[in-house]
1. Applying the selection to region 59-99, what residues are modelled with pLDDT of 95 or more, more than 23 Å from residue 120 (Cβ to Cβ) and surrounded by 15 or more Cβ atoms within 10 Å (Cβ to Cβ)?
2. Mind telling me which of the residues 28, 109 ends up being touching a helix residue (DSSP H, G or I) at 6+ places or on another chain (Cβ under 7 Å), surrounded by fewer than 16 Cβ atoms within 10 Å (Cβ to Cβ) and modelled with pLDDT under 90?
3. Got at least one residue in region 38-51 being more than 28 Å from residue 116 (Cα to Cα) and surrounded by fewer than 17 Cβ atoms within 10 Å (Cβ to Cβ)?
4. Could you tell me whether residue 18 is surrounded by 13 or more Cβ atoms within 10 Å (Cβ to Cβ) and at pLDDT below 90?
5. Among the helices (runs of 4 or more DSSP H) confined wholly to region 13-91, which include 3 or more residues that are under 14 Å from the mean Cα position of the chain (by Cα) and within 25 Å of residue 2 (Cα to Cα)?
6. Taking the options 124, 120, 150, name whichever one is at pLDDT below 95 and in a loop (DSSP other than H, G, I, E, B).
7. Give 23, 6 a once-over and let me know the one that is out of contact with any strand residue (DSSP E or B) (no Cβ under 9 Å at 6 or more places or on another chain) and surrounded by fewer than 16 Cβ atoms within 10 Å (Cβ to Cβ).
């Protein structure tokens, strides 16, 4: 799997371009850093799911088919994603900021809080991906290597 992921730089770039296009269609977030991070995490998640499909052939799925199964689950469970993000970010929100403090960029007013928020968003995204992969693996069924390469 490590070798497959390491050799996937071109595929990762294609996935990034696709995710950037989707981000444009959804509309940009208030923080460009959040947009960039989301594109990167979605792209890497899709590449990881393709690697699982290519390596394990769950239910006979190849890499792209398994990745589609994962992204379909994610699309159907956007509320779960929102819950994970909201819960993670709520644990990093500083109490008692004045109105002027709130208006300043997070990195300027509270760099430690900004790092905690970034870590929380990463945790939520990885948790959501693992839930999607687990569900997709269960739905696909055990590996069927007889269809690999067919």
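The values are calculated or read from the model by the stated rules, or taken from the named source; none is laboratory data. Note that this is a predicted model, so its numbers are computed, not measured. Glycine also receives a Cβ, built like all others from the backbone with ideal geometry; neighbour counts cover every protein chain displayed.
1. 65, 66, 67, 68, 69 - these are the residues of region 59-99 that are modelled with pLDDT of 95 or more, more than 23 Å from residue 120 (Cβ to Cβ) and surrounded by 15 or more Cβ atoms within 10 Å (Cβ to Cβ).
2. Going through 28, 109 in turn, the sole match is 28.
3. Pass one, region 38-51, residues more than 28 Å from residue 116 (Cα to Cα): 50-51.
If we keep only those that are surrounded by fewer than 17 Cβ atoms within 10 Å (Cβ to Cβ) too, we end up with none.
The answer is no; no qualifying residue exists.
4. On the way: surrounded by 13 or more Cβ atoms within 10 Å (Cβ to Cβ): yes; at pLDDT below 90: no.
Taking the combined requirement at face value, the residue does not satisfy it.
5. Counting at least 3 such residues, we get 32-56, 63-76.
6. On the way: 124 fails: in a loop (DSSP other than H, G, I, E, B); 120 fails: in a loop (DSSP other than H, G, I, E, B).
Residue meeting the stated conditions: 150.
7. Details: 23 fails: surrounded by fewer than 16 Cβ atoms within 10 Å (Cβ to Cβ).
From the options 23, 6, the qualifying one is 6.
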